[in-house]
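Take a look at the structure set out below.
The values are calculated or read from the model by the stated rules, or taken from the named source; none is laboratory data. Since the structure is predicted, the reported quantities are computational estimates derived from the model, not experimental observations. Cβ placement follows ideal geometry from the backbone for every residue including glycine, while neighbour counts extend to all protein chains displayed.
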Amino acid sequence: MSRYTKRMGNQSRYVRLPVLPSWEKLLSRLYVLPDTHADRKSVRLELLGILSNSNVTVRQLLSRLCVVLPKIGDCDAVIIVTKSAQGITEQASTMSRRKTDEILSIRALKRHLEPRSTAFNRRLGTHVQLGGSKKLDHYHFMFLGEWSGQELYLIASTTQGISGETARALEVIGQVVGLRLESVRLAAELASQRTKLSNLTQQLGEGMMVLDNNLNITLWNRSLQKLTGYKPNEVVGRNYQEAFRRLDKPDWLKEALEEKSGEKGPKHLTLDFEIATNQGSRWVSVVVSAFSNDESVLDQIVLIARDISHSKHLEQKKNEFISIATHELRTPLTAIKGYLSLLERDKEALSEKQINYIDQATKATHRLVRLAEDLLKVVQIEQGRLQVHPTAFQLFPLLKKIVRDFKPRAASKGLTLSLNKPSFSTPVLLDPERTEQIFANLIDNALKYTHQGSVKISMEIIDKGLQNRSSLATHIRDTGIGIGSKNIEEIFEKFHRVHRLEQSREQGAGLGLYIVRSFIEKQGGMISVKSREGKGTVFTVTVPLYNRHDAIRQFSDSNHNRLEEER
Ligand code: ADP
């Protein structure tokens, strides 16, 4: 129960209001209308009619109140005013303009309109002659509520004092009017918020859609209409798949939300994909935010989509160019490599200087071949054409072989390269060729960016690793030049190389780590890095361990493939 004090005469008393009074409850209070009145029922009905009818505007309500109230408790004159810093302004009155002004000019009356005050049976020591023998000298004030940002008061005057019963009736009417004003204020606020929100969503340069918990569309803005060609009235109320259909995976949103279901709070994800529109297909970059209610049940999904077709088109053109250029490069490179190895075979016929030239040319050719291969891998990754062929195998023997291959390189730089033999032997389910490329690249980098000290490789099992599954973490730890915190985020981006003096001698295109990360992630793994400038770097590759679950899946996949082939 909320309580607030109303002043009545000189006494203080409490009027109790339910926390959330319903209209019915408040209107039933109008039964307190004083008995003395000749036609109580018709007055009550009239009041009920004007107070409960939401089609009656506040201004109409105020004028009607001025007409009805004089019938209660012998009020002879009623004025409703708003009070603000600018002064008192009349809103409605039962009297002529001149009489109203006369009453409002009584200074004592203004003084009594204290903030939110209600007072009955005030004598102001002055009176207004109404006509005939009627002299108004009792005044009653009542705070009604706020309207248009100003305080609204009712001033009633009578020729004699009013009874407690009439005062109570007036007070109840005041409360009901207050509630009505509050609901008008809230409705106006809501409408203005709605307009602001709708302007914001409609004017937003990005496409915006809101879905309910059944994944049905509740909002579809103008930019999305432009992007897809569908009008809001064609799609609101329909499932998102009907209007925003992803070409490769129509049910993408449900799947993405299921994957994130374990996360607490709002869930966010960003994806790029191609959708069908009614004018063909478009590439979009989509940001999804899913909100749950207090019971953690999905409540609303907001989806922002940006048209990236143009940049996708440029990217496709760029990839096509790289692909053609590198293929074209490979043919003459293979020829150069062949001729160089032919020359090498006839070493005896050559001078030392010539052998040295051939050596330099062979190294440069190898570098070019590697660059061409890396560029082709990047194109494969970007076009989503990267293939992996998972096989269950032991990682340690593979690492041993790679380390053996790199030993001469480490020795030539005066570095120690070592691999710790693990105490366990558990298989992983990976593509052996890609895995070799991953670790060869990381060890190559470690040796490249270390000028003294060592490169150590070690393995450990993490019980609750990736997706809470048992995982295998392999660390490649070097004592090299390290990577500053400023650059560490960017080293996995393609063509990114840290610009610094210490590595100016080392060659590279900045593609290695980009390819490594793509290979690892494609196989369900993760790569992380910790580094201190001048001290060294640790790269950690974590991959899920091969388990019974994988074995069953692999068996059913191979069976499926066999059946497909037999068909
Ligand atoms: P590249 O070696 O061809 O420049 P990468 O993609 O393999 O390209 O590596 C990107 C950048 O990350 C390198 O240029 C280097 O600055 C930094 N980096 C990679 N590995 C190491 C390491 N072990 N120690 C220090 N810096 C490293």
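Data for the structure
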quantity	calculated
When residues of region 443-484 are limited to those that are within 38 Å of the chain's Cα centre (by Cα), surrounded by 19 or more Cβ atoms within 10 Å (Cβ to Cβ) and among the hydrophobic types (A, V, I, L, M, F, W, C), the one farthest from the ligand (Cβ to nearest atom)	LEU472
Residues being part of a helix (DSSP H, G or I), in contact (Cβ under 8 Å) with a residue 24 or more places away in the chain and surrounded by 15 or more Cβ atoms within 10 Å (Cβ to Cβ) - total across region 377-405	11
Cβ-Cβ under 8 Å pairs, at least 6 apart or on other chains, region 306-325 side within 18 Å of ARG246 (Cα to Cα) and in contact (Cβ under 8 Å) with a residue 40 or more places away in the chain, far side basic (Lys, Arg) and assigned to a helix (DSSP H, G or I)	none
Failed condition for ILE381, given (1) within 22 Å of VAL538 (Cα to Cα); (2) within 16 Å of the ligand (Cβ to nearest atom); (3) modelled with pLDDT under 95	(1)
Members of region 455-487 found to be under 21 Å from GLU533 (Cα atoms), among the hydrophobic types (A, V, I, L, M, F, W, C) and touching a strand residue (DSSP E or B) at 6+ places or on another chain (Cβ under 6 Å), listed by number	VAL455, ILE457, ILE476, ILE483
Failed criterion for LEU130 (all others in (1) more than 24 Å from VAL58 (Cα to Cα); (2) of a type in the set (A, V, I, L, M, F, W, C); (3) at pLDDT below 80; (4) crowded, with 19+ Cβ neighbours inside 10 Å hold)	(4)
One residue from THR166, THR159, THR118 being touching a Lys or Arg at 6+ places or on another chain (Cβ under 9 Å) and surrounded by 19 or more Cβ atoms within 10 Å (Cβ to Cβ)	THR118
Within region 148-206, tally of residues that are within 17 Å of VAL78 (Cβ to Cβ), among the β-branched types (Val, Ile, Thr) and out of contact with any Gly (no Cβ under 9 Å at 6 or more places or on another chain)	5
Total residues in region 490-528, condition away from the ligand (no atom under 11 Å from the Cβ) and modelled with pLDDT under 85	2
Condition met for ASN487 (polar (S, T, N, Q), modelled with pLDDT of 90 or more and within 12 Å of the ligand (Cβ to nearest atom))	no
Failed item, numbered, when GLU90 is tested on (1) under 13 Å from TYR153 (Cα atoms); (2) in contact (Cβ under 8 Å) with a residue 24 or more places away in the chain; (3) under 54 Å from the mean Cα position of the chain (by Cα)	(2)
Among (1) among the small types (Gly, Ala, Ser); (2) closer than 28 Å to GLN316 by Cα; (3) assigned to a helix (DSSP H, G or I), the one test that ALA411 misses	(2)
Meets criteria (under 45 Å from the mean Cα position of the chain (by Cα) and among the aliphatic types (A, V, I, L, M)) for LEU340	no
Identity of the residue in region 225-249, crowded, with 16+ Cβ neighbours inside 10 Å and under 26 Å from GLN383 (Cα atoms), that ends up nearest to the chain's Cα centre (by Cα)	PHE244
Hits in region 242-258 (condition: over 21 Å from SER292 (Cα atoms) and either in a strand (DSSP E or B) or not acidic (Asp, Glu) (or both))	ALA243, PHE244, ARG245, ARG246, LEU247, LYS249, PRO250
ALA440 being buried (at least 16 other Cβ atoms within 10 Å of the Cβ), in contact (Cβ under 8 Å) with a residue 40 or more places away in the chain and within 13 Å of the ligand (Cβ to nearest atom)	no
Tally of residues being surrounded by 21 or more Cβ atoms within 10 Å (Cβ to Cβ) and away from the ligand (no atom under 16 Å from the Cβ) across region 533-544	2
